[in-house]
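Here the structure comes first, spelled out in structure tokens, and everything after it is commentary.
The values are calculated or read from the model by the stated rules, or taken from the named source; none is laboratory data. Treat the numbers as computed from the prediction; the structure is a model and nothing was measured. When we count neighbours, we look across all protein chains shown, and the Cβ atoms used for this are built from the backbone with ideal geometry, even at glycine. To get the accessible areas, we keep the full protein, side chains included, count just its heavy atoms, and leave off ligands, DNA and RNA. Shrake-Rupley method; radii C 1.70, N 1.55, O 1.52, S 1.80 Å.
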Amino acid sequence: MLTNAVTYLKNSDDVWKTTVIGGLLVLASVLVLPAVLVWGYVVRVLERTSRGDDEAPRFDDWRALTIDGAKAVAILLAYGLIPFVVGGLLFGGVWLAVGGDPGTIGTAAFGIASLLTLAAMLAVAYTVPAALARFATEGRLGAGFEFGELRPSLATGTYAVGWLQAVGIVFAGALLSGLLTEIPILGAVLGTIVSFYALVSAYYVIGQTWERLHPVSLEETREQPSAERPAI
């Protein structure tokens, strides 16, 4: 699967066009809309690979890409708030209990709060790819938040292994991207292209993993085409 993930975009007829567009969108992602388009492309990758289609999508149908990307970002933001809420409640509770001079017990309590917050962050990082995969295949924003449906998949070794492989790809891409950014001027562009390539490769692994857990036929489609679905 790792070999297929690395060559996923490489085997596309539009590999250069796709990776350059994706890299430039990542570079401009501070403007929000480019980031939405990147995540829209990720949703398209998940939608295809989770049905066993290994042909990389193109950057087209920009309206549908924007709609799906906005929903994906909404899922990311919603899950991303969880660690902040958990951390705020834990640290706030400890602070109210021990005050400004915590002592040994307070220090231990703050340490436990830190560990629990970190655990919440890891749980979110583990869950989000599955939530995006379920949204991509179901076509409903709410599908990404149906934890009762997500939990059986999250508990499998298949998903755990796929998630670890995806994290490894993103980590390797980040390292290479960091090295490339040391090159003056051109390095920043090359780094973002590598980052986009790594992100797509990682979600190819997630899509393939989801297909193993929830096999469907290539003919089976989402509830409605992206551009025709209601916002929620």
Relative packing of 153-166, 130-143, 192-205, which averages over residues the other C-beta atoms within 10 Å, highest first: 192-205, 130-143, 153-166
Candidate residues Asp54, Asp13: accessible-area rank, largest first, probe 1.4 Å: Asp13, Asp54
Cα-centre dipole for the chain with unit charges at Cβ (Lys and Arg positive, Asp and Glu negative), debye to 20: 240 debye
Probe 1.4 Å - accessible area at Thr107, Å² to nearest ten: 90 Å²
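Would you work out the relative contact order for the chain, in percent, from Cα pairs under 8 angstrom that are 6 or more residues apart? Before the final figure, lay out the partial values.
Working: 292 pairs, mean separation 73.0, N = 232.
About 31 percent, as a whole number.
For the chain, what is the convex hull (Cα atoms) projected area averaged across all directions, in square nanometres? Present the calculation step by step, with values, prior to reporting the outcome.
On the way: hull surface 61.0 nm².
Here the figure is 15.2 nm², rounded to one decimal.
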FRET E, pair Val30, Met121, Förster distance 22 Å, beta-carbon r, rounded to 0.05: 0.45
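Using a 10 Å cut-off on Cβ atoms, rank the peptides 76-84, 182-190 from the highest mean neighbour count down. Don't skip to the answer; put the middle values down first.
On the way: 76-84: 14.3, 182-190: 12.0.
So the peptides 76-84, 182-190, ranked by packing, come out 76-84, 182-190.
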Furthest towards positive pole of dipole, Phe59, Met121, Trp95, structure part the stretch 48-129, Cβ charges: Trp95
Nearest-ten-degree value, helix 186-213 long axis tilted from longest Cα axis of the chain: 90 degrees
